[in-house]
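Trainee: To start, I am sharing the structure in question, which I have written as structure tokens.
The values are calculated or read from the model by the stated rules, or taken from the named source; none is laboratory data. Here the structure is a predicted model, which means the values were calculated and not measured. Methodologically, a virtual Cβ is constructed for each residue, glycine included, from the backbone with ideal geometry; neighbour enumeration extends over all protein chains shown.
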Amino acid sequence: METFIHALPKVELHLHIEGSLEPELLFTLAERNQIPLPYADVESLRAAYQFTNLQSFLDIYYQGANVLIREQDFYDLTWAYLQKCHQQNVVHTEIFFDPQTHTDRGIPFADVIGGISRALADGESKLGITSALILSFLRHLSEEAAFATLEQALPYRDLFVGIGLDSSEKGNPPEKFSRVFARVRELGFKVVAHAGEEGPAEYIWTALNDLQVARIDHGVRCVDDPALVEHLRQTRVPLTVCPLSNTKLCVFSEMSEHNIGKLLDQGLCVTVNSDDPAYFGGYMEENYLAIQSALDLTKPQLAQLARNGIEASFMTEQRKQALM
Ligand code: ES4
Ligand code: ZN
């Protein structure tokens, strides 16, 4: 199974680049930038990665991002992730970044997107990994702040293909951002949104209807609404599911309770992704392996999950065909 999973050409569609910051690089950057850390060493930092829900994770994730200061830091972060992709036969990746996490600390937008994009260009030329960048608005902040972030991003519009919505879900429904996403669509960007991770199935409906998303990030709570499951089956609007994330954040109590296998068998376009691999204990292969063993997935099921990732991506039809 390990060999089979390794050999599958994998596409990642749900990865927060800030969530790929491994404790070792975090310490290196803290030292380089003279940022004091409330942890003595890598081991005690890793030991703090015990989460009870989404917010308990986000608090530590935003704290970790404070060591990212220079353009080179964003390059190093992204390059380390791309090397993991290379080791795991991930051939294409669509990456989220959270500009507000950095610009609100006084880091220039240009340095954030510049460092990430420079690494992605090297990923393609040196490792043959294609990629796309998705800017994500923080939903716990205001609509006004999202509009301001969009304005700041427009001079760099050629460097990203889409805009998403992440951070604390409950109490921050997609429709809080209806107007800014109407503008985002007018500008020609792809739209995605986290919905139905911790929040209700209703948030998946409003992401679809009010934001007109091309994909739902997570979406696993769709099972609470049979009409929604049927809609997702018929339209094949993809769900970018993140199994290790869901168990680490207690969305499912254990992997054997995860619904990705059932949703796959019902004909939904579910995909496998790593979300925040440095915090949740694994990259793409670890996610595939975890669901395979817990849910006893077969090779045809695993191959279908990988094909769904290709189908759900923003690659050209020509490239999709070449990978299928
Ligand atoms: C996230 Cl797992 C998750 N959910 C929502 N927002 C996020 N940002 C980074 N990881
Ligand atoms: Zn996510």
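Trainee: Would you say PRO38 is surrounded by fewer than 15 Cβ atoms within 10 Å (Cβ to Cβ) and more than 16 Å from ligand 1 (Cβ to nearest atom)?
Mentor: Details: surrounded by fewer than 15 Cβ atoms within 10 Å (Cβ to Cβ): yes; more than 16 Å from ligand 1 (Cβ to nearest atom): yes.
Criteria met by PRO38.
Trainee: Taking the stated definitions as given, is GLU257 modelled with pLDDT of 95 or more, within 18 Å of PRO173 (Cβ to Cβ) and either charged (D, E, K, R) or surrounded by fewer than 24 Cβ atoms within 10 Å (Cβ to Cβ) (or both)? Walk me through it before giving the result.
Mentor: Values: modelled with pLDDT of 95 or more: yes; within 18 Å of PRO173 (Cβ to Cβ): no; either charged (D, E, K, R) or surrounded by fewer than 24 Cβ atoms within 10 Å (Cβ to Cβ) (or both): yes.
Spelling it out, it is not the case that GLU257 is modelled with pLDDT of 95 or more, within 18 Å of PRO173 (Cβ to Cβ) and either charged (D, E, K, R) or surrounded by fewer than 24 Cβ atoms within 10 Å (Cβ to Cβ) (or both).
Trainee: Something else: Look through the stretch 247-262, keep the residues that are within 22 Å of ILE310 (Cβ to Cβ) and touching a residue at least 40 places away in the same chain (Cβ under 8 Å), and return whichever of them is nearest to ligand 1 (Cβ to nearest atom).
Mentor: Filtering the stretch 247-262 for residues that are within 22 Å of ILE310 (Cβ to Cβ) and touching a residue at least 40 places away in the same chain (Cβ under 8 Å), the one nearest to ligand 1 (Cβ to nearest atom) comes out as ILE260.
Trainee: Is it true that ASP276 is surrounded by 23 or more Cβ atoms within 10 Å (Cβ to Cβ), of a type in the set (Asp, Glu) and in contact with a helix residue (DSSP H, G or I) (Cβ under 8 Å, 6 or more places away or on another chain)? It would help to see each step written out before you state the result.
Mentor: Details: surrounded by 23 or more Cβ atoms within 10 Å (Cβ to Cβ): yes; of a type in the set (Asp, Glu): yes; in contact with a helix residue (DSSP H, G or I) (Cβ under 8 Å, 6 or more places away or on another chain): yes.
Spelling it out, ASP276 is indeed surrounded by 23 or more Cβ atoms within 10 Å (Cβ to Cβ), of a type in the set (Asp, Glu) and in contact with a helix residue (DSSP H, G or I) (Cβ under 8 Å, 6 or more places away or on another chain).
Trainee: Related question: Given LEU13, LEU77, which one is among the aliphatic types (A, V, I, L, M) and part of a strand (DSSP E or B)? Reasoning before the result, please.
Mentor: Working: LEU77 fails: part of a strand (DSSP E or B).
Checking each option against the conditions leaves just LEU13.
Trainee: Between residues in the stretch 15-29 that are free of Cβ contacts under 8 Å to residues at least 40 places away in the same chain and residues that are of a type outside the set (D, E, K, R) and away from ligand 2 (no atom under 12 Å from the Cβ), which pairs lie under 6 Å by C-beta distance while being six or more apart or on different chains?
Mentor: What qualifies is GLU24/VAL42; PHE27/VAL42.
Each row is one residue, and each column tells you yes or no for (1) hydrophobic (A, V, I, L, M, F, W, C); (2) outside any strand (DSSP E or B).
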{"site": "ILE113", "(1), (2)": "yes, yes"}
{"site": "SER117", "(1), (2)": "no, yes"}
{"site": "LEU120", "(1), (2)": "yes, yes"}
{"site": "LEU135", "(1), (2)": "yes, no"}
{"site": "GLU144", "(1), (2)": "no, yes"}
{"site": "THR149", "(1), (2)": "no, yes"}
{"site": "ALA153", "(1), (2)": "yes, yes"}
{"site": "ASP158", "(1), (2)": "no, yes"}
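Trainee: Scan the stretch 91-111 for residues that are away from ligand 1 (no atom under 15 Å from the Cβ), within 19 Å of the chain's Cα centre (by Cα) and not polar (S, T, N, Q) and jot them down.
Mentor: VAL91, HIS92
Trainee: Can you name the condition, by its number, that TYR61 falls short on among (1) away from ligand 1 (no atom under 16 Å from the Cβ); (2) crowded, with 19+ Cβ neighbours inside 10 Å; (3) assigned to a helix (DSSP H, G or I); (4) touching a residue at least 60 places away in the same chain (Cβ under 8 Å)?
Mentor: In the conditions (1) away from ligand 1 (no atom under 16 Å from the Cβ); (2) crowded, with 19+ Cβ neighbours inside 10 Å; (3) assigned to a helix (DSSP H, G or I); (4) touching a residue at least 60 places away in the same chain (Cβ under 8 Å), TYR61 misses (1) alone.
Trainee: Is it fair to say SER131 is hydroxyl-bearing (Ser, Thr, Tyr) and over 21 Å from ASP73 (Cβ atoms)?
Mentor: On the way: hydroxyl-bearing (Ser, Thr, Tyr): yes; over 21 Å from ASP73 (Cβ atoms): no.
Here the answer is no, as SER131 does not meet what is asked.
Trainee: I'd like to check something: does the stretch 287-306 contain any residue that is touching a residue at least 60 places away in the same chain (Cβ under 8 Å), surrounded by fewer than 24 Cβ atoms within 10 Å (Cβ to Cβ) and in a loop (DSSP other than H, G, I, E, B)?
Mentor: No; the residues of the stretch 287-306 include none that is touching a residue at least 60 places away in the same chain (Cβ under 8 Å), surrounded by fewer than 24 Cβ atoms within 10 Å (Cβ to Cβ) and in a loop (DSSP other than H, G, I, E, B).
Let's see how each residue does on (1) free of Cβ contacts under 8 Å to residues at least 24 places away in the same chain; (2) away from ligand 2 (no atom under 16 Å from the Cβ); (3) surrounded by fewer than 23 Cβ atoms within 10 Å (Cβ to Cβ); (4) small (Gly, Ala, Ser):
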| residue | (1), (2), (3), (4) |
| --- | --- |
| LEU68 | no, yes, no, no |
| GLU71 | no, yes, yes, no |
| PHE74 | no, yes, no, no |
| THR78 | no, yes, no, no |
| GLN87 | yes, yes, yes, no |
| ASP111 | no, yes, yes, no |
| GLY114 | no, yes, yes, yes |
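Trainee: What number goes with the only condition from (1) free of Cβ contacts under 8 Å to residues at least 60 places away in the same chain; (2) in contact with an Asp or Glu (Cβ under 9 Å, 6 or more places away or on another chain); (3) part of a loop (DSSP other than H, G, I, E, B) that LEU244 does not pass?
Mentor: (3)
Trainee: If ASP265 satisfies all but one of (1) farther than 25 Å from PRO226 by Cβ; (2) free of Cβ contacts under 8 Å to residues at least 40 places away in the same chain, what's the number of the condition it fails?
Mentor: (1)
Trainee: Do we find that LEU54 is away from ligand 1 (no atom under 14 Å from the Cβ) and either without any contact (Cβ under 8 Å) to a residue 12 or more places away in the chain or not small (Gly, Ala, Ser) (or both) in this structure? Write out each step before concluding.
Mentor: Details: away from ligand 1 (no atom under 14 Å from the Cβ): no; either without any contact (Cβ under 8 Å) to a residue 12 or more places away in the chain or not small (Gly, Ala, Ser) (or both): yes.
Against the criterion (away from ligand 1 (no atom under 14 Å from the Cβ) and either without any contact (Cβ under 8 Å) to a residue 12 or more places away in the chain or not small (Gly, Ala, Ser) (or both)), LEU54 does not qualify.
Trainee: Considering only residues that are of a type in the set (Val, Ile, Thr) and either within 22 Å of ASP73 (Cα to Cα) or assigned to a loop (DSSP other than H, G, I, E, B) (or both), which ones fall in the stretch 160-174? Let's see the steps before the verdict.
Mentor: Within the stretch 160-174, the subset of a type in the set (Val, Ile, Thr) is 161, 163.
Result: VAL161, single match.
Trainee: Tell me which of these ASN308 doesn't satisfy, since it passes every other one: (1) touching a Ser or Thr at 6+ places or on another chain (Cβ under 8 Å); (2) within 16 Å of ligand 2 (Cβ to nearest atom).
Mentor: So the condition that ASN308 fails would be (2).
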